[in-house]
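Encoded as C-alpha cells, the structure appears first; notes follow it.
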Amino acid sequence: MKRYEDLSPSLRCIMTPGPVEVDPRVLRAMSFPVLGQFDPEFTDIMNETMGMLRELFVTGNQWAYPVDGTSRSGIEAAMVSLIAPGDRVLIPIFGRFGHLLHEIAERCGAEVRVLEKTWGSVFESSEVIAAMENFRPHVVAMVHGETSTGRVQPLAEIGRACREQDCLFIVDAVATIGGVPVETDAWMLDAVIGGTQKCLSVPSGMAPITYNERAEAKLLTRKRVERGLRTGDVEPGELSFVRSNYFDLGMLQDYWSPKRLNHHTEMTSMLYALREGLRLTLEEGLAARFARHILHEKALIAGLTAMGLNLYGDPESKLTVVTCVLIPEGVDGESVRSMLLDRFGIEIASTFGPLKGLIWRIGTMGFSCRENNILRLLGALEAVLIRHGVTVPRGLAIQAALDVYE
Ligand SMILES: Cc1ncc(COP(=O)(O)O)c(C=O)c1O
C-alpha cells in the first residue's frame with residue numbers, strides 16, 4: 001500500500017493579489033472545536049459575525065453575512081438572485097473580473113450590454129452614466145478593485161446615478177474590502193461582495209456580502225422556499241424564481257435570520273476564521289489599516305523605482321494593494337518568479353489575458369502587507385534580476401524603502 005508523508009507545506013512569503021498569508025491567530029481559530037449549527041453558542045457567533053461585517057462594509061444594512069464558497073460564490077449569489085431572466089444588465093469592464101461578471105450575467109439569462117475600457121485604466125463616471133441613460137438597465141454590475149490590472153474604479157457618482165434611475169448596483173469589492181475604503185451606504189451600493197483571502201487575510205472559502213432593502217425587495221419577489229421545508233401550498237415568485245438553490249439569497253437570509261430556517265450546513269471552522277479575521281481588522285481600525293496599506297505600497301514603489309523598474313498602468317487609478325510591474329525587455333518573467341519562489345520562498349504573481357508575460361503583479365494585502373516582507377522582496381528581486389542579466393543599481397532599492405519607513 002502506498003504510504004503518504006505527513007503534510008508539511010512550506011512557510012512562504014506570499015506577495016500576490018491573493019491568497020495571502022494568514023495571521024496565526026486566524027489559523028488558531030480554525031482549530032477550535034466544531035459546534036452544532038443550531039447550538040446557541042454557534043448562532044451567537046453567526047450574529048457577531050454579521051455585526052462585524054456591517055462595520056467592515058460601513059453599512060446599516062440588516063443583511064451582511066458570508067456565502068459559503070470562494071469569492072465568486074458571493075458574486076454569483078448576488079447576481080443569480082438579483083437578475084431575473086430578460087433583465088437589462090450593464091457591465092463596464094476594465095479587466096478580467098469584469099468579464100467574469102459578464103459571464104455570470106449571461107448565465108442568468110440577462111440582456112447584457114458591456115462597456116470596455118483598455119486594460120490599465122478605469123472609467124470616467126460620466127461614461128458609465130451616459131451608457132445607463134441610453135440602455136436603462138435594471139442592474140449595473142462592476143468591479144471596484146481589479147486585481148488583473150491593479151486599478152481601482154471610483155464608484156460614488158455611479159452609485160448615485162443608479163439610485164436616481166432606480167437601478168440596482170452590484171459591486172465586486174473582493175480585492176478592496178479591508179484594504180482600501182469601501183463605503184457601501186455613502187456610495188449607494190445596493191449589493192457588495194467582499195473576499196476573505198485578500199486584505200482580510202483569512203483563507204479562501206467564504207464570500208462576505210451585504211445588500212440593502214432595495215435589493216432585498218427584488219430578491220424576495222423571486223424567492224422560493226425549498227421543497228421539504230415549505231409550509232404553504234403557493235410560493236411567491238413561482239414563475240421567475242431564482243434558478244439556483246445554493247445561491248438563493250432569499251433562502252440564505254432565512255438561515256441567517258432568527259428564523260434559522262435550515263439551508264446548507266454552515267462551515268463552522270471557516271466561520272471561526274472569518275470572525276477572527278474581522279475581529280483583528282476592526283481591532284486595528286479601518287482607517288489605520290488603510291493607512292498601513294498605503295505606507296507599504298509607498299515603500300514598495302520607492303524600492304522598485306530605485307531598482308530602475310517601471311510600473312504598469314495609469315497612476316491616477318492605481319489600486320493601493322496591487323502593484324503591477326513591467327517585466328524588463330528580454331527577461332523571462334516566469335523564470336524570475338520561479339527563482340523567487342524556489343530560492344527565497346517568495347511568491348509574486350503573473351497575470352491573465354492580454355497582459356500575460358508583460359507584467360508581474362505584487363500584492364500588499366492584509367497580513368502579508370508588512371515591512372519585513374517588503375524589504376525581503378526588494379532584496380530578493382534585486383538579486384534575482386542580477387542573476388537574469390539585468391543591470392540593476394545595486395543596493396538602492398532597500399535603501400529607498402527604508403527611507404520611506406524612516
Ligand atoms: C476582483 C476579483 N473578483 C473576483 C475574484 C474571484 O474570487 P475567487 O477566486 O475567490 O472565487 C477574484 C479572485 O482573485 C478577484 O480578484
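Just so you know, all these numbers are worked out from the coordinates, no wet-lab data involved. Bear in mind the structure is a predicted one, so any value in this text is a computation, not a measurement. Cβ placement follows ideal geometry from the backbone for every residue including glycine, while neighbour counts extend to all protein chains displayed.
A few points about this structure:
- Under-5 Å amide H pairs with residue 65, H placed in peptide plane, nonlocal only: 209
- Long-range HN-HN contacts of residue 143 with modeled amide H, under 5 Å: 172
- Rounded to whole Hz, the Karplus (6.51, -1.76, 1.60) HN-Hα couplings of the stretch 51-58, x for glycine and proline: x, 5, 5, 4, 5, 4, 7, 6
- The phi-based Karplus calculation (6.51 cos²θ - 1.76 cosθ + 1.60; θ = phi - 60°) puts the 3J(HN,Hα) values of the stretch 250-257 at x, 6, 4, 6, 5, 6, 8, 9 Hz, whole numbers, x for Gly and Pro.
- Under the combined filter of DSSP loop state and at most 15 neighbouring Cβ atoms within 10 Å, the stretch 23-132 retains these chymotrypsin sites (Phe, Trp or Tyr not before Pro): 38.
- Segment residue 269-residue 282, extension gain: residue separation times 0.36 nm, minus the distance between their alpha carbons: 2.7 nm
- Residue 3/residue 116 FRET efficiency (R0 45 Å; Cβ-Cβ; nearest 0.05): 0.30
- For the chain, the longest principal axis of the C-alpha atoms and the axis of helix 125-135 are separated by about 40°.
- Between residue 305 and residue 243, the simple spin-label model (points 7 angstrom out along Cα→Cβ) gives 5.0 nm.
- All Cα pairs of the stretch 352-406, percent lying beyond 15 Å: 59
- One way to sum up the overall shape of the stretch 180-318 is the equivalent ellipsoid from its Cα gyration tensor, whose semi-axes run 40, 18, 14 Å, largest first.
- The stretch 23-281, relative contact order in percent, only Cα pairs under 8 angstrom and at least six apart counted: 27
- Antiparallel bridges, percent of DSSP beta bridges restricted to the chain (to nearest 5): 50
- One decimal place: the segment residue 39-residue 204 gains 56.9 nm when fully extended, by the rule 0.36 nm per residue minus the C-alpha distance.
- Euclidean distance between Cα centres, the stretch 1-15 to the stretch 31-88, Å: 31
- Measuring between their Cα centroids, the stretch 290-346 and the stretch 112-155 lie 26 Å from each other.
- For the chain, the longest site-free run once trypsin sites (Lys or Arg not before Pro) in DSSP loop states with at most 16 other Cβ atoms within 10 Å are removed: 13-226
- For the stretch 23-281: rounded, prolate or oblate by the Cα gyration tensor [a/c cutoff 1.5]: oblate
- Cβ-Cβ FRET estimate between residue 338 and residue 406, R0 fixed at 30 Å, reported to 0.05: 0.35
- For residue 21, residues with placed amide H under 5 Å, excluding near neighbours: 14, 368
- When you restrict to C-alpha pairs under 8 Å that are six or more residues apart and normalise by the size of the stretch 286-405, the relative contact order lands at 37 percent.
- 3J(HN,Hα) along the stretch 95-104, derived from phi through the Karplus expression 6.51 cos²θ - 1.76 cosθ + 1.60 where θ = phi - 60°, amounts to x, 4, 7, x, 5, 5, 4, 4, 4, 5 Hz, with x in place of Gly and Pro.
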